[in-house]
Amino acid sequence: MLLAAQAASAESPLPIVRIYPKYQAPPLPSNPAIVAHASQGYRIDATQVALRGSMGQEIPSTITADADERGGVLVTPSAPLPEGSYTLATDSESYTVSVAGGPDTTPPSAISEPTVMVARTGKDSIGDVSIEFPSPTDDRTPRGELGYDIWISSADTEPDLNSKPTMMGAPSAILTNGKLQVSLAPGGICVAALPSHGTGRFNVRLRARDAAGNLGPATETLQVQVTNVPECSGPGDESKGCSAAPLLAPAAWVAVALWLSRRRQCAGT
């Protein structure tokens with residue numbers, strides 16, 4: 001499902017850069033939970049979002065603005081949806097999605113053996129910082145369609161899993177070795193889990209999220225330490241940078257150390 005991003009102006013609405021579950025993904029369960037983020041630090045105007053049936057009638061739904069620290073909007077129908085097509089309408093666009101099957105109440109399995117990874121673009125530059133792990137399983141959502149809620153805190157505190165996540169529904173990539181990879185610093189689209197306005201050591205935990213919003217068990221705490229993280233600027237307006245939805249430009253990353261809290265130091269740091 002797609003939601004409309006808050007416009008920089010009436011003539012040029014900003015695109016949405018991250019949607020979970022993915023638009024045109026397999027049919028959703030009858031109790032979907034949809035998360036969307038706007039680009040360049042802008043916030044989605046949740047008052048302009050409505051879920052509608054095939055006859056245009058509004059479907060009672062809970063629409064939560066700023067559901068995570070990066071300004072994500074969460075849309076959940078108030079009751080299970082009958083099988084069929086639905087429209088997510090906004091002030092400027094609308095999108096049709098399909099619902100098939102009953103509700104999904106089973107959470108994904110645990111994330112096992114998570115490893116902090118660093119990809120380099122040069123001797124002294126970092127291309128990406130990510131978490132790699134064998135794929136969790138779910139009874140309804142395909143492994144490549146699972147999202148991941150991420151909690152990040154400073155090194156002197158544990159991430160509070162009872163608080164709103166730093167990022168909801170972060171996508172994964174399937175690697176050639178069959179494992180999944182979730183990036184903490186995707187770069188280029190100004191939405192990232194790690195902050196752009198601070199440096200130092202951070203604690204990270206993840207939970208797998210299925211298309212109904214069920215969350216699997218949390219990982220152990222992983223530690224990441226970075227320095228010289230640049231800020232992200234909004235289009236033509238630096239005041240609308242990424243304090244809410246930061247960009248971590250990949251080539252400008254300088255990671256001084258990457259650790260797993262439980263044992264090994266990440267190779268290449």
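The values are calculated or read from the model by the stated rules, or taken from the named source; none is laboratory data. Nothing here was measured: the structure is a model prediction, and the numbers come from that model. No Cβ is skipped: glycine too gets one built from the backbone with ideal geometry, and neighbour counts run over all protein chains shown. Only protein heavy atoms, including side chains, enter the accessible area calculation; ligands, DNA and RNA are left aside. Shrake-Rupley method; radii C 1.70, N 1.55, O 1.52, S 1.80 Å.
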Query raised in the report: Accessible area per residue of segment 18-99 at 1.4 Å probe, in Å²?
Result: 44 Å²
Report summary line: Label model pair ILE174, ASP139: point-to-point distance (7 angstrom along the Cα→beta-carbon line) in nm is 2.3 nm
Report summary line: Length gained, GLU220-LYS164, 0.36 nm per residue minus C-alpha separation, equals 18.4 nm
Report summary line: Counting only residues 5 or more apart in sequence or on a different chain, those whose built amide H sits under 5 Å from that of ALA33 are ALA212, GLY213
Query raised in the report: By accessible area of protein heavy atoms, probe 1.4 Å, what ranking do MET55, MET168 get, highest first?
Result: MET55, MET168
Query raised in the report: Over segment 18-99, what percent of the accessible surface lies on carbon and sulfur atoms, probe 1.4 Å?
Result: 47 percent
Query raised in the report: Out of residues 5 or more away from ARG18 or on other chains, whose amide H comes under 5 Å of its own, with H placed 1.01 Å from N in the peptide plane?
Result: HIS37
Query raised in the report: So how much slack lies between THR157 and THR64, counting 0.36 nm per residue of separation and subtracting their Cα-Cα distance, in nm?
Result: 30.8 nm
Query - Ranked by how many other beta carbons lie within 10 Å on average, peptides 19-25, 106-112 from highest - result: 19-25, 106-112
Report summary line: Expected vector for segment 141-149, Karplus 3J(HN,Hα) from phi with 6.51, -1.76, 1.60 and θ = phi - 60°, integer Hz, x for Gly and Pro, equals 8, x, 4, x, 9, 5, x, 9, 7
Report task. Give the Rg/Rh ratio for segment 18-99, taking Rg as the radius of gyration of the Cα atoms and Rh as the Kirkwood radius, to two decimals. Result -> 0.94
